[in-house]
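Written out below as C-alpha cells is the structure these notes cover.
The values are calculated or read from the model by the stated rules, or taken from the named source; none is laboratory data. Just so it is clear, the structure is predicted and the values come from calculations on it, not from any experiment. As a convention, Cβ positions derive from the backbone with ideal geometry for all residues, glycine included, and neighbour counts pool all protein chains shown.
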Amino acid sequence: MRIFFCITAIVCLTGLFLAQPGVAQKTDNYILTTNPAGATAYFCGEYSLVVNTPAALPSNLSGQYKVRIARSGYETWKGELSFLPGSPNSVNINLSPKTRFKAGLRSLFIPGWGQHYEGCGTRGTAFTLGIIGAGTLLYISDRKYQDRRGDYDIANYNYTNATSITQREQLMVIRDAAQRKAYKAETDRRRVFYAGIGIWVYNIFDSMIFFPEGSAYYPTVTADNGGGAKLSLVVKF
C-alpha cells in the first residue's frame, strides 16, 4: 500500500510540473522594439507576419525576411532581417519623423505629393488634379492663341500688301478684329499660366503650413552582435 501511494504522489507531481506553462516547452524569442512604440511591422518571407511593437517574434523564424515598419507621423522603415541560429537577439529601430521640409520638397516637384506624404490624401489629390487641369487648360489656350495669332499674321499680310485704299480699309477692319482676338487669346493663356503657378506655389506652402506636429527622432538602427538576427537597412526618400 505504501508503494502505491508513493507511485501516485510521483505521478501527480510530474503532472503538475508538466502542466506549468513555459516549462515543458520553453522557447526563446526574437524581440523587436521601435522608438516610438506602437508601430506596425510587416514581415514577408517564408511566413507572412504582422505584429505591433514591441513584439516577441516566433522562435521558429529562420531565413531572410523583408520588413516594413509603419507608424502614423513617421517615415516608413524598410529593410531586411536575417534570422540566424544561435542565441536570441533584440533589435531596436528608431523611426524617423516626417518633417515640413520633406513635405515641401515633395510638393515642389509634384503638387500634392507633400500632402499625401503627410497623410492628407484628399487634399493632395485635389492639388494634383488642380495642376493637371491647369496644364490641360494651358495647352488648350496656347493652341487657341497660336491659331488666333496665325489669323492675325495672315490678315496683317493681306493689309500690308493691299493695292488700293478701299481694299486697305476693308482689310484693316479684318486685321484689327484678328488682332483683338489674338490679344484676348494671349491674355487668356497668360491667366491660365499664372493660375497654374499660383496652385503650384500654394500647394508648397500648404504642405508646410498645415504640416502635423510630431516629436523629433533621428533614424538609427541597432542590433546585438552575438548572433541571432542580422539587420540590413534600406533607406528610401
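Taking the condition in contact with a helix residue (DSSP H, G or I) (Cβ under 7 Å, 6 or more places away or on another chain) and either at pLDDT below 90 or over 30 Å from Y30 (Cβ atoms) (or both), does D147 pass? Criteria not met by D147. Confirm whether D153 is in the same structural domain as S107 (by TED's automatic domain parsing), charged (D, E, K, R) and surrounded by fewer than 15 Cβ atoms within 10 Å (Cβ to Cβ). Yes. If I filter the range 175-201 down to residues being out of contact with any Asp or Glu (no Cβ under 9 Å at 6 or more places or on another chain) and β-branched (V, I, T), which single residue comes out as surrounded by the most Cβ atoms within 10 Å (Cβ to Cβ)? Out of the qualifying residues, it is I199. Within this structure, F205 fails the test of being assigned to a loop (DSSP other than H, G, I, E, B), more than 30 Å from E80 (Cβ to Cβ), at pLDDT below 95 and of a type in the set (A, V, I, L, M, F, W, C).
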